[in-house]
Amino acid sequence: MKAQHPKIKTQLFSCGFFRHCTRTVLSPTTPHPPPLPFSSTDPLPPSLSLDSSPPAPTQHDPPTHHPSKPESESSSSSTSQSFTQWKFALPDSPILPYPQPEPDPKPEPKSKPPPPPPISSTHLQELFHVAELQLSVGSHPEQLAALQLLERSLVPYPPPDPVCPPELMRGLVRNLKNKAGAKAATKILLALCLAEGNRHVAVEAGAAAAVVETALELEAASAERALAALELMCTVAEGAAAVRAHALAVPIMVMMMGRTSARGKEYAIGVLAVIYIGGYGEEDAAEAVAAAPAEEVARAVELALKGDCSGRGRRKGAQLLKALQEPLQERENLDPK
């Protein structure tokens with residue numbers, strides 16, 4: 001057995017480069033398993049001993065160049081090729097024998113449910129009656145539920161008639177000061193004020209004064225809706241008179257022009273334009289211009305027009321500046337320095 005050790009050593013040393021290990025029963029080119037180089041009863045050769053020291057290098061180093069491939073190299077090449085035949089196809093390989101399942105599409109975002117169809121006048125009267133009771137004597141959750149019901153029914157299709165009951169309008173005005181119900185209340189108030197008949201009811205219920213007092217506390221979108229409703233209320237005589245009589249109307253509108261977006265500026269300028277230009281007779285308009293601090297209002301309007309403002313707001317602002325500058329020029333002519 002000692003005479004065979006060098007031969008076995010040479011064969012196993014070349015096996016270390018994946019030549020001998022591929023000649024197993026798993027190779028598709030080998031019909032029969034090759035015989036083992038030694039039996040389990042034979043002693044281990046020195047190259048396979050349990051000693052951790054590396055084997056001594058052999059004197060027969062492989063040549064740097066071979067004119068012809070030896071049998072061992074050709075055998076190693078064939079077995080290497082047979083070994084690569086066991087590679088599995090990647091999932092993204094274009095030569096797969098079967099189609100891959102397509103990935104699941106991304107779920108589409110949930111869209112809002114469509115608004116309900118417009119209700120008839122009879123059903124609207126019943127809705128007003130139920131909401132009036134809940135806003136008058138109902139608990140806080142019942143009042144919020146009533147506001148949500150009115151919002152879903154009135155905002156998509158503002159009704160031209162029937163006129164909103166005064167008690168229901170007073171319930172909406174009370175909720176303008178309620179943080180939980182202010183958003184829905186401003187939507188409902190604007191939808192109702194699109195009809196001229198409801199503007200009179202809103203002014204009588206104190207909606208104009210409530211909007212002036214709560215505009216600074218509302219969120220941006222709710223404040224814009226409240227100012228739009230206030231501008232609509234100013235188109236009736238009693239609405240313009242209520243805004244002019246309020247001591248905070250002009251200062252609040254000046255402050256809102258510097259805090260809101262382009263639409264909010266448009267509505268605030270519109271309210272001031274109604275106070276100074278329209279909604280009164282000539283005598284009342286002159287009294288409004290003389291009583292209000294025209295210099296401060298003019299400066300605020302000029303600043304608002306320099307920023308982001310809608311086309312309608314710019315037209316209203318130009319008219320308002322003209323109305324404010326005329327009495328200032330007259331005052332300067334009367335009191336020359």
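The values are calculated or read from the model by the stated rules, or taken from the named source; none is laboratory data. All of these numbers come straight from a predicted model, not from anything done at the bench. Every residue, glycine as well, gets a Cβ built from its backbone with ideal geometry; the counts of neighbours run over all protein chains shown. Note: accessible area is taken over every heavy atom of the protein model, side chains too, but ligands, DNA and RNA are not part of it. Shrake-Rupley method; radii C 1.70, N 1.55, O 1.52, S 1.80 Å.
Take the solvent-accessible surface of the protein heavy atoms, probe 1.4 Å, and return the percent of it on region 130-250 that carbon and sulfur atoms account for.
57 percent
Per-residue counts of other Cβ atoms within 10 Å, averaged by peptide: what ranking do you get for 233-245, 294-306, highest first?
Most protected by this proxy first, the peptides run 233-245, 294-306.
Tell me, what does the Kirkwood hydrodynamic radius of region 126-201 come to in angstroms if you use every pair of distinct C-alpha atoms?
Radius from the Kirkwood sum: 12.0 Å.
How are the Cα pair distances of region 192-232 distributed, in percent, across 10 Å bins from 0?
Values per bin, smallest distances first: 32, 54, 14.
Using the structure shown, select from 183/265; 187/316; 177/322; 179/306; 183/322; 177/265 the pairs with a Cα to Cα distance greater than 30 angstrom.
Distance filter (> 30 Å) returns 177/322; 179/306; 183/322.
Please give the net charge around residue 158, taking every other residue with its beta carbon less than 14 angstrom from that of residue 158, where Lys and Arg add +1 and Asp and Glu add -1.
+1
Label point 7 Å out from residue 180 along Cα-to-Cβ: which residues of region 145-169 have amide N under 11 Å?
Residues 145 qualify, since their backbone N sits under 11 Å from the label point.
Taking the highest mean first, how do the peptides 185-194, 207-216 order by number of other beta carbon atoms within 10 angstrom per residue?
185-194, 207-216
Which one of 258, 184, 158 has its Cα pushed farthest toward the positive end of the charge dipole of region 126-279, where Lys and Arg give +1 and Asp and Glu give -1 at the Cβ?
The Cα lying farthest towards the positive end belongs to 258.
Which net charge results for the neighbourhood of residue 309, defined as the other residues with beta-carbon distances under 13 angstrom from its beta-carbon, given Lys and Arg at +1 and Asp and Glu at -1?
Charge balance in the 13 Å sphere: +4.
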